[in-house]
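Visitor: Got a structure for you, written out below as structure tokens; questions coming shortly.
The values are calculated or read from the model by the stated rules, or taken from the named source; none is laboratory data. Predicted model, so just to flag it, every value in this text is computed and none were measured. A quick note on method: Cβ atoms are made from the backbone with ideal geometry, for glycine too, and the neighbour counts reach across all protein chains shown. Heavy atoms of the whole protein, side chains included, go into the accessibility calculation; ligands, DNA and RNA do not. Shrake-Rupley method; radii C 1.70, N 1.55, O 1.52, S 1.80 Å.
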Amino acid sequence: MAIIAESLPTQTIAARNEVQQQIDAQRARTIRAAYTTRFVAAELQRNPQDFQVVRRANMAPRAGDVVIATVTELGKHMRLQSPVSRRQLMFVGQEIMVAYGDRYAPDQFLAHVPQNLGPCQLVAGGGVASEVIEQHASIDMATQLQPTGLLMRHGKVVNLADFAPLGIEDDSPRPAQAGAQRPPVIAVLGTSMNSGKSTTLGCLVNGLVNSGMAVAAGKATGTGAGNDPDLFTDAGAFSVCDFTDFGFPTTYRLDYETVRDLLVAMIREQSATGADAVVIEIADGLFQGETSRLLLDPVFSEHVDRVLFSAQDALGALAGER
């Protein structure tokens, strides 16, 4: 057998190491898409014939690359947020469409994008596939995934950024009013994850709206999920976006310049809506790397007028203020 293998043409050996599957309309309907992949999913439903699932031995995914995977074992996340943020129950053997991404969550998982298409884990219900490095002792093991392959279109691996409606280097598609002043921008920060930032932002938005103001809201950093944008909408914000609208499944491990530019682009986009005020959440806590760096950057004070700080206790509030 070894002699036969050595005599095969290079292209034949390469073909044996590659799996390429066309997606038809039926398969496109049955693949369970995640919130992070919602813009890709919309195009897949419209034109499934343009897409293939490809797996090669040397494929190394990048953050934001879209993967089709089979659920092999249910764990911490038993539900996957749909493109409209409905928590859809998953079943073993089901095909799902999620995006590779890094995750930092001290109360759940520390996870990095793997270096190959081997078995991986679902580390966020919004649709993030990754390789768990560490996890909190109190939670279940992560849901296990077996990637079928990366989603490709016109010979190119599909990345969330390819279909994102917004870009950090783009001007807002909304027409700017001549001589218009930037509305006041309020950033909501907190001591840590789960310190109440999103709830605080929602209550702030609701109070401003009840006072007669038109409010636009956004979430500049974090892990892709529909919960917080839905909360901002429910609170009364007439325009809502988050970093997934710019093509990022998460912001953890992004280079700092990208995080900074993303914050500025989000403020620019929401300011162009005609809002009376813009409110932006910055995830995680003050000790988180990019958050602490943002606060020291002159760009932050240039674009943010006020900060509302969320803490779970008096000590955290005092330390955070300092």
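Visitor: With an 8 Å Cα cut-off and a minimum separation of 6 or more residues, compute the relative contact order for the chain in percent.
Guide: About 18 percent, as a whole number.
Visitor: Given a 1.4 angstrom probe, I'd like the percentage of the accessible area of the chain that is carbon and sulfur, rounded to a whole number.
Guide: 52 percent
Visitor: Could you give the length gained on full extension between D276 and Q22, defined as 0.36 nm per residue of separation minus the Cα-Cα distance, in nm?
Guide: 86.6 nm
Visitor: Considering only P298, L308, L286, whose Cα is most displaced toward the positive end of the charge dipole of region 223-317, charges sitting on Cβ of Lys, Arg (+1) and Asp, Glu (-1)?
Guide: P298
Visitor: Take R27, R322, R87 and sort them by solvent-accessible surface of the protein heavy atoms, 1.4 Å probe, largest at the top.
Guide: Sorted by accessible area, descending: R322, R87, R27.
Visitor: If you don't mind, there's one more thing I want to ask. Using only the C-alpha atoms of region 175-288, find the volume of their convex hull and express it per residue in Å³.
Guide: In region 175-288, the Cα hull volume divided by residue count equals 101 Å³.
Visitor: Can you list the trypsin sites (Lys or Arg not before Pro) in region 43-82 that are in a DSSP coil and have 15 or fewer other beta carbons within 10 angstrom?
Guide: Passing sites in region 43-82 are R62.
Visitor: Find the centroid of the Cα atoms in region 205-236 and in region 278-316, then give the distance between the two in whole Å.
Guide: Taking the Cα centre of region 278-316 as reference, the centre of region 205-236 is 17 Å away.
Visitor: Right, something else. State the percent of C-alpha pairs, over all pairs in the chain, separated by a distance greater than 24 angstrom.
Guide: That tail contains 56 percent of the Cα-Cα pairs.
Visitor: Along the principal axes of its C-alpha atoms, what lengths does region 273-322 span, in descending order and rounded to whole Å?
Guide: So the three principal-axis extents are 38, 21, 17 Å.
Visitor: At 0.36 nm per residue, and after removing the present C-alpha to C-alpha distance, how many nm does the segment from V92 to Q312 gain when stretched out fully?
Guide: This chain segment gains 75.4 nm when fully extended.
Visitor: While we're on this one: What is the extension gain from D50 to R79, computed as 0.36 nm multiplied by their sequence separation minus the C-alpha to C-alpha distance, in nm to one decimal?
Guide: Difference between extended and current length: 7.6 nm.
Visitor: If you don't mind, there's one more thing I want to ask. Could I have the simple spin-label model distance between R293 and R29, label points 7 Å from Cα toward Cβ, reported in nm to one decimal?
Guide: The answer from the label model is 4.7 nm.
Visitor: Exposed loop sites here are chymotrypsin sites (Phe, Trp or Tyr not before Pro) in DSSP loop states with at most 16 other C-beta atoms within 10 Å. What is the longest stretch of the chain lacking them?
Guide: Counting only loop sites that pass the neighbour cut-off, the longest clear stretch is 92-237.
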